[in-house]
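Note sheet for the following structure.
The values are calculated or read from the model by the stated rules, or taken from the named source; none is laboratory data. This one's a predicted model, so the numbers in the text were calculated from it and none came from an experiment. Ideal geometry is used to build each Cβ from the backbone, glycine not excepted, and the neighbour counts take in all protein chains shown.
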Amino acid sequence: MASHPDAYTIPIVDLSRFTGCGSTSDNADSENFVTELRRILHDYGFFYLTGHGVDPALIADVLAAAKRFFALPTPEKLAIDMVNSPHFRGYTRPGNEYTRGEKDWREQLDINTEGAAVPWDHNTPAWKRLLGPNQWPEGQPELRPLLLAYQAEVTRVAVTILKAIAIALGQDENVFQDIYTPLPTQLLKIIRYPGRDITGSDQGVGAHKDGGLVTVLLQDRVDGLRVRTDDGVWLGAPPIPGTFVVNTGELLELATNGFIRADIHDVIAPPQGVERFSVAFFLGARLDATMPVIDLPDALKTEHRGIAVDPLNPLFREVGRNHLKSRLRSHPDVARRHHADLLDSGDGTTSILDHSPAQAPVAADIRF
């Protein structure tokens, strides 16, 4: 399972060894899979995934539809601009999302679990503002059923991975079930990275950790993804046909006291004249859940590393609070338009609205 071809340094994991879908799978192989996965989770936190069972035709259709979406005239895309959604759904122009206060040079369409908006006031838990409908382009009606079908499939994959992770941690496979059922967060992004001749920057996405449970990333043909090891070494993660790249998020770091680390990663913008496409799916817990601490077996407790401390990115066990924090930081235009009451300069006296329009809020600017 943990093969290391010369061209790649990140392990390759065959999920069919766990699910029994492969012709050679048996109980012994599944047990070996779990043992190897445990080491990968501790040492890497990132891996390529094969044997996932997602129809290649669905994958091809999603990538083709994503490219058609980004080829739409700009006014059609801006008709579903995220700034119009208090739920952080819709289209984002290049340079309008931020990582650690710096612009990310990619355009994207964000969808999440479909639902109805709920009324809120100052007495309502702030995370409920995230609940609501997605925005869909009128000129591409096929996009909605296609992306929702893909969202369902990668949710299945992510939940299966989460069950394997639970067993690798010495737990029942359903140990996490109570925090993601009946309604997890299912954030899906179709993404286009323009070339550096357009962006003037090499930051496709700045260095960061993912905030959820498990990320399932589909890459097209152009590389750019990098993963940073605990030693500060950057590993390239170029596309491998037929695979997803999977990584664990901050919620699992919290649940395991750092035995599983949410690794830092980024994306380098493609060269001049080149564009990069990807589809990222982030499985998160229910927004009303609180992340528990898993009672690890003694042998694993000796290897936990504690929670990484980042003054610019405090971690909250309250899932909704953690997710809303991330959205407010990443999309300051949405935050200012719809959620100004949650933003603060840090001393309780100056609103983030008084800051420069180019400045993105950081953790200290959020009060809720």
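Worth a mention:
- Near pairs, Cβ below 8 angstrom, 6+ apart or cross-chain, from the range 143-159 (within 13 Å of residue 187 (Cβ to Cβ)) to any residue that is of a type in the set (Gly, Ala, Ser): 147/65
- Single unsatisfied condition, residue 252 versus (1) aliphatic (A, V, I, L, M); (2) in contact with a Phe, Trp or Tyr (Cβ under 9 Å, 6 or more places away or on another chain); (3) without any contact (Cβ under 8 Å) to a residue 12 or more places away in the chain: (3)
- Exactly one residue out of 196, 226 is in contact (Cβ under 8 Å) with a residue 40 or more places away in the chain, over 16 Å from residue 281 (Cα atoms) and under 15 Å from the mean Cα position of the chain (by Cα): that is 226.
- Per the conditions (1) surrounded by fewer than 22 Cβ atoms within 10 Å (Cβ to Cβ); (2) over 15 Å from residue 214 (Cα atoms); (3) not hydroxyl-bearing (Ser, Thr, Tyr), the sole criterion not satisfied by residue 267 is (1).
- Leading residue by the ranking (modelled with the lowest pLDDT) among those in the range 21-71 that are of a type in the set (D, E, K, R) and in a loop (DSSP other than H, G, I, E, B): 26
- Checked against (1) of a type in the set (A, V, I, L, M, F, W, C); (2) out of contact with any Lys or Arg (no Cβ under 6 Å at 6 or more places or on another chain); (3) closer than 18 Å to residue 256 by Cα, residue 187 passes all but condition (3).
- The set of residues in the range 35-74 that are over 30 Å from residue 170 (Cα atoms) and touching a helix residue (DSSP H, G or I) at 6+ places or on another chain (Cβ under 9 Å) comprises 55, 58, 59, 61, 62, 65, 66, 68, 69, 70.
- Some residue of the range 224-243 being closer than 21 Å to residue 66 by Cβ, buried (at least 22 other Cβ atoms within 10 Å of the Cβ) and touching a helix residue (DSSP H, G or I) at 6+ places or on another chain (Cβ under 6 Å): no
- The residues of the range 247-264 that are surrounded by fewer than 22 Cβ atoms within 10 Å (Cβ to Cβ) and touching a strand residue (DSSP E or B) at 6+ places or on another chain (Cβ under 7 Å), listed by number, are 263, 264.
- Taken over the range 190-215, the criterion of being of a type outside the set (Asp, Glu) and closer than 23 Å to residue 260 by Cβ is satisfied by 205, 206, 207, 208, 209, 211, 212, 213, 214, 215.
- Annotation: of all residues in the range 294-326 being polar (S, T, N, Q) and in a loop (DSSP other than H, G, I, E, B), the one that is farthest from the chain's Cα centre (by Cα) is 302.
- Selection status of residue 124, surrounded by fewer than 17 Cβ atoms within 10 Å (Cβ to Cβ) and among the hydroxyl-bearing types (Ser, Thr, Tyr): yes
- Scanning the range 141-170 for residues that are surrounded by fewer than 17 Cβ atoms within 10 Å (Cβ to Cβ) and either among the acidic types (Asp, Glu) or not in a helix (DSSP H, G or I) (or both) returns 141, 142, 170.
- Cβ-Cβ contacts under 7 Å between residues 6 or more apart (or on different chains), taken from a first residue in the range 1-29 that is closer than 24 Å to residue 225 by Cβ and of a type in the set (Asp, Glu) to a second residue that is modelled with pLDDT of 50 or more and surrounded by 15 or more Cβ atoms within 10 Å (Cβ to Cβ), are listed as 14/50; 14/51.
- So residue 111, is it out of contact with any helix residue (DSSP H, G or I) (no Cβ under 8 Å at 6 or more places or on another chain), under 30 Å from residue 198 (Cα atoms), of a type in the set (A, V, I, L, M) and at pLDDT 95 or above: no
- Candidate set from the range 171-209 (those that are among the small types (Gly, Ala, Ser) and surrounded by fewer than 20 Cβ atoms within 10 Å (Cβ to Cβ)); member that is nearest to residue 255 (Cα to Cα): 207
- The set of residues from the range 287-315 being buried (at least 18 other Cβ atoms within 10 Å of the Cβ) and either of a type in the set (D, E, K, R) or under 24 Å from residue 187 (Cα atoms) (or both) comprises 287, 289, 291, 313, 315.
- Of all residues in the range 99-112 being crowded, with 20+ Cβ neighbours inside 10 Å and not acidic (Asp, Glu), the one that is farthest from the chain's Cα centre (by Cα): 105
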